[in-house]
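Read-outs: derived from the displayed coordinates by stated rules, not from any lab. Owing to the predicted nature of the structure, the values given are computational and were not obtained by experimental measurement. Counting neighbours? That spans all protein chains shown, and the Cβs are built from the backbone with ideal geometry, glycine included.
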Amino acid sequence: MRLEQDESDIKAVVRIFDVLGNRTRLRILLALASEELCVCDIAHVLNLSISAASHQLRALHDREWLHMRNDGKMVYYRTDPQKIKHLLSVTNAFLEERIA
């Protein structure tokens, strides 16, 4: 049924907007767009506590917006450009279908 598909699509788009609608998460994505950074670097660049940065990084990683790499005791994060492009494309297609 179309309504059930719409609900599934709506949930997916809401998850995307949940990330993009959070100022801190968006700033983290922008910081990571150009380079791989560790938690302490992200916290410093964005003027966040390490705890706050870790919390937001975990949320982004859980939603599969980031990749993690362990290097000894350090954990480095980077964006997944293909994943982000895909998510934005899905959102755009969803909105175009329903608004046009």
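Structure values in brief
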read-out	value
Residue within region 70-91 that is at negative phi, in a helix (DSSP H, G or I), acidic (Asp, Glu) and out of contact with any helix residue (DSSP H, G or I) (no Cβ under 6 Å at 6 or more places or on another chain) present	no
Count - residues of region 56-69 that are in a strand (DSSP E or B) and either farther than 21 Å from Leu20 by Cβ or out of contact with any helix residue (DSSP H, G or I) (no Cβ under 7 Å at 6 or more places or on another chain) (or both)	2
Extreme residue, nearest to Ile99 (Cα to Cα), among residues of region 1-28 that are touching a Leu at 6+ places or on another chain (Cβ under 7 Å) and of a type in the set (A, V, I, L, M)	Ile16
Sole residue being closer than 17 Å to Ile16 by Cα and surrounded by 13 or more Cβ atoms within 10 Å (Cβ to Cβ), chosen from Val90, Val45	Val90
